[in-house]
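Please read the structure below before turning to the comments.
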Amino acid sequence: MTNPSLGTTPRLDRWITITADGTVLVRSGKVELGQGVLTALAQIVAEELDVDPSRIRMVPAATDISPDESYTAGSLSVQHSGGALRAVCAQARQLFLAEAAARLDVPSESLDVTDGDICAPDGRRTSLWELAGVVALDRDLAPGTDAKRPDDYRVVGRSLPRVDVPGKVAGRRRFIHDLRPDGMLFGRVLRPPSRGAVLTSVDEQAASRVPGVVAVVRDGSFLGVVTEREENALRAVAALRTGTVWKEADSLPDEHELPAFLLAAPTEETVLHDAGTTAGPAAGSVHARFSRPFLAHASIAPSCGLALWNGERLAVWSHSQGIHKLHASICRSQGLAPENVVVQHVEGAGCYGHNAADDAAYDAVLLARAVPGRTVQVVWTREDELGWAPLGPAMVVDIEADLDAGGRVQSWRHDVWSNGHAHRPGPPSAPLLAATHVEAAETAQPAGDPPLQNGGGSGRNAVPLYDLPGQVVRTHRLQTMPLRTSALRALGAHLNVFAIESVVDELAALAGADPVEYRLGLLGDERARAVLQAAAERAGWGSSAADVGSGVGLGVGLARYKNRGAYCAVVAEVEAETHVRVRRLTIAVDVGLVVNPDGVVNQIEGGALQALSWTTKERVRFDGRAVTSRTWEEYPILTFSEVPPVDVVLLDRPTDPALGAGEASIGPTAAAIGNALYVATGLRVRHLPLTPENVIAAMDP
Amino acid sequence: MTADQAVSLVVNGTAHEVVCDPDTPLLYVLRNDLGLLGAKFGCGLGLCGACNVLVDGHPVHSCDTPVWSVAGKSVTTVEGLGNEGRPHRLQETFIDEQALQCGYCTSGMLVTAAALLEREPDVDEAGVRRALDGNLCRCGAHNRIVRAVLCARTCRS
């Protein structure tokens, strides 16, 4: 498979610079989202160049210097950027060795490299650093250079401590929120009170009377303030709010009837898979319908952006997942030439998909244009973050499995109803939030879905991993979008895996089979079998029949992320008395080659706990006009006392390609919890979250 | 809103005087007037713990603590828990356990945990979890954080 990152940026010196002072500058287009990717990429570079990892400097990504590697998303960074850097560094090393061999007059194969020192058999030496000014890397990657064999790895495969942790625990490392360039002003935006609200009048004087107000900006229904002090920005927004009049109308569906809304809305149908068999009449069937509500990203930091306009050129700082796409979007909306805009990535708090980072950057742009020569920082409020950032779509999944007289599945139908899971900035149909509020408003089209060959959106992981005959899998993507939806970690895989694994569990019960054994009977893929068996063994999965309704139960969930990424199996132990309590999670994962074992474990663990939070607690609340769950009290997430022990087993497969770890545990964790809840209670709770209300509702379906 | 006044406070052992509206949240004074950017803004309502600092040894939410209320008191931020040469024990164990993913909540966790260990040197795991329930983490680093706090405790003796 060709590497898309190398396809876009084949030139070696766009990726790395080996310096005379003994460091290696690395420019990846992938960015740190809290997932530790910079450490993993540095390990890959250090490995291929044979230098100590401490010499690697990961250069922050910016649109004018970094390769365009599209979004940092989809658990693809180690594959794409890591794969590109591996190839680039292998070739750079070969070029340096060829130069050293010529100078030392020995065959290149006889040279030994240790931490950049290049040594001939007779002890004469040079180094990468000595040759830095001599060996030119201003050339495209040529085919034919082999990277190291995994057997020879010394840096890759080790749990190197992350490069960013010491600065973060000292409170020294700077997040985007911590940037304080000289003369910086504080900007805040007053969002409309509801979706579609139109500003009919505003008294800007009220805000102007707050001390230190530098500008009050109004453009259509977009309102913002710029002040010298941060606290005054908040006061100015409050003052501005009291003087606004809006025209509002109901536009949102009934939050208590979300599945009905999704099923009734106009949709575009896509057949993802059609095995097209018409088996004989069924002897029986299992039919089940599942749903999840809208979910919030709920990062601990609200989104932030900075911008500086000098009358001609625009500099933007953002924690966007895709700075090049954001760049294109800003240029289009502002009518600026690409060469006059630079977007620099700066780390934000944890990013779990398309959040409001890009929107906050554009807010800063709109405010900065009112105060040329001074940088404006916009930080969203918590209320706006939970109320206006893109949401993970609500979904319905409907599965019907027909059985033959022997109880075997003869056909399997899986239908998904959902808003699209892709509304990232870039295409004209997905404008930045403020661009939909200004006078010359851009219109957002309903979110789309990536095609299945790119992992799919609503249909991600909707095709079962199991050998089931007669599969038909379809998505029904909504053609209306009352609440803006976009990519949230794992996209549709969260509910699709929950649903598939729930029905497979039911089939196992009908067959009187153990859930693990039943799955093994349907699994030809050796790697899927291996993670399932490893998780079951580690969790002490008993041979004794599960005691359904005993109040405590074990459940299992399994998936291969995107059907071609990492394999992950989860066993959950759940106790259900007054509420659903997960007592422990045992996880086995196969991500192919492991670059940093502790980094993978951290991602798998983190994904599992986030999925546990979504699955048991979370639901975006709204009335007819606006999202109402806008604080941590109204949108509670998992707390320390609710977090169970998580035990992760890594199945290392060093000769298989690295597959990415960020999203693999989401679906299987949700599924394992649902299946364990069934054992604990005897109830199939199919509507998320698994709150006491939804458990009680499942008693009387 | 009231007129600007001079407010005296002691932060990390150093006396400061800032001139601002005395209702200004302590968080903004720390970050914007004193350049101490370790405490973070998370929610502005005292519900997430990202802004936690110690006031006379007790964790408080600096985002909804007006600066006038800490006049004359001793404030400790994450920057003051240890120093370059001598980090706080918790800062070491957080590195040992790689007890974070994004790290945005980390300074609030460290400050809250430091107060906990002062108060209850022999706190058990359930006690650590209870003490940190007001500090939210979205990345799922909870168990690592708990291990780091327990290890800092054990290693005290």
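Things worth noting here:
- Database remark: amide H of A:GLY420 closer than 5 angstrom to the amide H of A:ALA447, A:LEU478 (H placed geometrically; neighbours at sequence offset of 5 or more, or on other chains; Pro and chain starts carry no H).
- Probe 1.4 Å, protein heavy atoms only - accessible area per residue of chain A in square angstrom: 35
- Antiparallel bridge percentage (DSSP; both residues within segment A:395-699; nearest 5): 70
- Other residues within the sphere of radius under 13 Å centred on the Cβ of A:GLY607, judged by their own Cβ, net out at 0 (K and R +1, D and E -1).
- Toward the positive end of the charge dipole of segment A:4-159, with +1 on the Cβ of Lys and Arg and -1 on the Cβ of Asp and Glu, the farthest Cα among A:VAL155, A:SER75, A:GLY123 is that of A:SER75.
- Accessible surface comparison of B:HIS61, A:HIS287, probe 1.4 Å, protein chains only, largest first: the order is A:HIS287, B:HIS61.
- DSSP assigns beta bridges within chain A; of those with both partners inside it, close to 75 percent run antiparallel.
- Percent carbon-and-sulfur accessible area, the protein assembly as shown, ignoring ligands, DNA and RNA, probe 1.4 Å: 50
- Within the protein assembly as shown, the proportion of C-alpha pairs whose separation exceeds 41 Å stands at 37%.
- Where a label projected 7 Å from the Cα of A:SER110 along Cα→Cβ would reach, residues of segment A:124-141 with amide N under 15 Å: A:124-126
- With each label modelled as a point 7 angstrom along the Cα→C-beta vector, the A:GLU517-A:ALA102 pair spans 6.9 nm.
- In plain terms, the chain from A:ALA405 to A:ARG154 could stretch by 84.7 nm, reckoned as 0.36 nm per residue minus the Cα-Cα distance.
- Largest to smallest accessible area among A:LYS617, A:LYS325, A:LYS168 [probe 1.4 Å]: A:LYS325, A:LYS617, A:LYS168
- Here the label points at A:ALA440 and A:ARG538, each 7 Å from Cα along the C-beta direction, are separated by 5.6 nm in the simple model.
- Order of exposure, largest accessible area first, which applies to A:HIS421, A:HIS80 with probe 1.4 Å: A:HIS80, A:HIS421
- The Rg/Rh ratio for segment B:5-80 is 0.91, where Rg is the radius of gyration of the alpha carbons and Rh is the Kirkwood radius.
- Local net charge near A:MET699, Cβ-Cβ under 13 Å (Lys/Arg +1, Asp/Glu -1): 0
- Difference of contour (0.36 nm per residue) and Cα-Cα distance, A:ASP274 to A:LEU510: 82.4 nm
- Once the Cα-Cα distance is subtracted from the 0.36 nm per residue extended length, the A:ASP656 to A:THR145 segment shows a gain of 182.1 nm.
- Residues losing 40 Å² or more accessible surface upon assembly, segment A:600-615, compared with the chain by itself, 1.4 Å: A:ASN602, A:GLU605
- Taking a ≥ b ≥ c as the square roots of the eigenvalues of the Cα gyration tensor, an a/c ratio of 1.5 or more together with a/b larger than b/c marks segment B:21-157 as prolate.
- With Cα atoms, 0 to 90° folded angle of helix B:142-154 axis to chain B main axis: 80
- A:GLU257 versus A:ARG11: modelled label distance in nm, points set 7 Å from Cα along the beta carbon direction: 6.0
- Computed from backbone phi with θ = phi - 60° and the Karplus coefficients 6.51, -1.76 and 1.60, the 3J(HN,Hα) list for segment A:404-421 is 8, 4, x, x, 8, 5, 10, 7, 9, 10, 9, 10, 10, 10, 6, 5, x, 9 Hz; x is used for glycine and proline.
- Solvent accessible area, Å² - A:PHE261, 1.4 Å probe, full protein context: 50
- Summarising the amide proton neighbourhood of A:ARG621: residues at separation of 5 or more, or on other chains, whose placed amide H is nearer than 5 Å comprise A:THR628, A:SER629.
- Once the Cα atoms are used to define both axes, helix B:106-119 deviates from the longest principal axis of chain B by about 80 degrees.
- Calculated from backbone phi, Karplus (6.51, -1.76, 1.60) coupling profile of segment A:250-263 in Hz, x at Gly/Pro: 5, 9, 9, x, 6, 5, 8, 10, 4, x, 5, 4, 4, 6
- Förster radius 22 Å - calculated FRET efficiency between A:ALA288 and A:VAL548 (Cβ-Cβ, nearest 0.05): 0.80
- Amide H contacts under 5 Å for A:GLY682: A:GLY549, restricted to partners 5 or more places along the chain or on a different chain, H placed in the peptide plane at 1.01 Å from N.
- Per-residue Karplus couplings for segment A:564-581, computed as 6.51 cos²θ - 1.76 cosθ + 1.60 with θ equal to phi - 60°, are listed in order as 8, x, 6, 8, 8, 10, 10, 10, 10, 10, 10, 10, 10, 10, 7, 8, 7, 10 Hz, Gly and Pro entered as x.
- Structure-based [θ]222 nm, chain A - -39500 (n - 2.57) summed over DSSP H runs of at least 4, per residue, nearest 500: -8500 deg cm²/dmol
The values are calculated or read from the model by the stated rules, or taken from the named source; none is laboratory data. Since this is a predicted model, take the numbers as computed values, not measurements. A quick note on method: Cβ atoms are made from the backbone with ideal geometry, for glycine too, and the neighbour counts reach across all protein chains shown. Each accessible area value is taken on the protein alone, full model and side chains, heavy atoms only, with ligands, DNA and RNA left out. Shrake-Rupley method; radii C 1.70, N 1.55, O 1.52, S 1.80 Å.
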